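Below: one structure, written as structure tokens.
The values are calculated or read from the model by the stated rules, or taken from the named source; none is laboratory data. No experiment lies behind these values; they were computed from the predicted model shown. Here Cβ is always computed from backbone atoms with ideal geometry, including for glycine, and neighbour counts include all displayed protein chains.
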Amino acid sequence: MKPVLISGILAASFVASSAQADTPMMDAFSDFLGSCWTYEGEGRMDPIYSATEPVPNVETYCFERMENHFIRIRRQAPGPHGGAFFNEEILNWNTANQNAVTVMFTSFLSWGHINYRNAIFEDGQITIQIRPEENDGSDMNLKWSRVDGDQFSQVVEQNMGEDYGGWVAGPARIFTRQAASVGPTLEAEMTGSPSFSPATDLFQPLLGGCFETRLGESDVTDTHCFTDLLGRYVRDRHIVPGNPDYSGETLFYWEPETETVDFYYYNSIGGLSSGVNVHAANGIAYERESYRGPNGEWQAFRGRYEDISYSGYTSVTEELQGENWVEVSRQTFRRTDTDPFAVRP
């Protein structure tokens, strides 16, 4: 979210950061990463389909390493009533609990929704646990085998309840590696013309554009590019060139319970944060952002985007130091024709 994390965070150890990158999560997904995989056959059990509705038989997953410490899973499947839906899921390794915590964004509902899941790794098997609130009261597990050549298998378990036999496993579904062109095609389909949502409305002047600033008196630049995700969310990718580059990604989404636009931020040194945005007098304000650095320490930020227009915006960041809020960054971003992500994975 921040235009640039203050120098103390940027200095926060790219060495420690690279050591963190090799986690059980990365090890388990190592053979999946960088590829897309498709299943064509019998449809899986899924409570979103009615008893009279044919369950779709084509499903595609794409896996990529995101900002070095995270994994992105993109999924496409035909939806109910002849439509199609997409999911994007981001996995983050939780060192304290020795499991992966995931956040999933989906196109399925009118404004979209997000789900929080756990992923565990045992004897080479990956299990993503889907909780009842996602599936009309049913527990589900997605279990993936190791990759064998150009294939892996997935088994879907569903808890039917004690009266119906408890946990029931469907047949193994075999996914096959696809051509490299499938990934960019899927990504393009997931980023189209945004439908109205409070998130896309809040950032409307910036969508589809990249914006650049220079940091202090240096020649170092920070570039942010704003696009829609699934027509309902906003993705803000940014990069500060260096050796190595420092980069991050913010995902903004509408939270109906609080009627706010919340966000998650992930960066290339292993930090992540969350916060809340609201309309302000001349832009957007976020009252508190909790940031966990790669060393596990927490910091609190707040700030605002001011004077938002097609041409650019000003970003102001304050840090809570003791009991006082101290301004640590004020940057003016101007629209640029350069997209640093156009040739990057």
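Observations, loosely collected:
- Exclusive hit being at positive phi, in the same structural domain as V326 (by TED's automatic domain parsing), of a type in the set (D, E, K, R) and over 17 Å from the mean Cα position of the chain (by Cα), set E287, E259, E306: E259
- F301 meets each of the listed conditions (1) modelled with pLDDT of 85 or more; (2) under 22 Å from T227 (Cβ atoms) apart from (2).
- On inspection, A28 does not qualify as within 30 Å of V240 (Cα to Cα) and at pLDDT below 55.
- Every condition in (1) touching a residue at least 24 places away in the same chain (Cβ under 8 Å); (2) on the phi < 0 side of the Ramachandran plot holds for N118 except the one numbered (1).
- Residue match in the range 249-263 (condition: surrounded by fewer than 21 Cβ atoms within 10 Å (Cβ to Cβ), under 21 Å from S309 (Cβ atoms), at pLDDT below 85 and out of contact with any strand residue (DSSP E or B) (no Cβ under 7 Å at 6 or more places or on another chain)): no
- Residue check: G216 meets all listed conditions (1) on the phi < 0 side of the Ramachandran plot; (2) outside any strand (DSSP E or B) but one, namely (1).
- Residues considered: E255, E323, E319. Of these, the only one that is free of Cβ contacts under 8 Å to residues at least 40 places away in the same chain, among the acidic types (D, E) and farther than 25 Å from N115 by Cα is E323.
- Those residues of the range 214-256 which are more than 21 Å from the chain's Cα centre (by Cα) and hydroxyl-bearing (S, T, Y), in sequence order: S218, T221
- The single residue among R330, R335, R302, R288 that is assigned to a strand (DSSP E or B) and under 18 Å from G248 (Cα atoms) turns out to be R302.
- Here F211, F175, F203 are screened, and the one residue that is of a type in the set (F, W, Y) and within 20 Å of the chain's Cα centre (by Cα) is F203.
- Subset of the range 182-211 [more than 20 Å from R232 (Cβ to Cβ) and buried (at least 20 other Cβ atoms within 10 Å of the Cβ)]: C210, F211
This table checks each residue for (1) among the aromatic types (F, W, Y); (2) over 20 Å from D222 (Cα atoms).
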| site | (1), (2) |
| --- | --- |
| V234 | no, no |
| V240 | no, no |
| Y246 | yes, no |
| T260 | no, yes |
| Y266 | yes, no |
| L272 | no, no |
| N277 | no, yes |
| A280 | no, yes |
| R288 | no, yes |
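- Sole residue being under 29 Å from R237 (Cα atoms), at pLDDT below 85 and of a type in the set (S, T, Y), chosen from T38, T60, T106: T106
- Single condition S309 does not satisfy, out of (1) touching a strand residue (DSSP E or B) at 6+ places or on another chain (Cβ under 7 Å); (2) surrounded by fewer than 17 Cβ atoms within 10 Å (Cβ to Cβ); (3) within 24 Å of P205 (Cβ to Cβ): (1)
- Test for F121: is it of a type outside the set (D, E), in contact with a Phe, Trp or Tyr (Cβ under 7 Å, 6 or more places away or on another chain) and either at pLDDT 80 or above or buried (at least 17 other Cβ atoms within 10 Å of the Cβ) (or both): no
- With respect to being in contact with a Ser or Thr (Cβ under 9 Å, 6 or more places away or on another chain), at pLDDT below 85 and buried (at least 17 other Cβ atoms within 10 Å of the Cβ), G296 falls outside the description.
- Every test in (1) of a type in the set (A, V, I, L, M, F, W, C); (2) part of a strand (DSSP E or B); (3) closer than 17 Å to T250 by Cβ is passed by F341 save one, and that test is (2).
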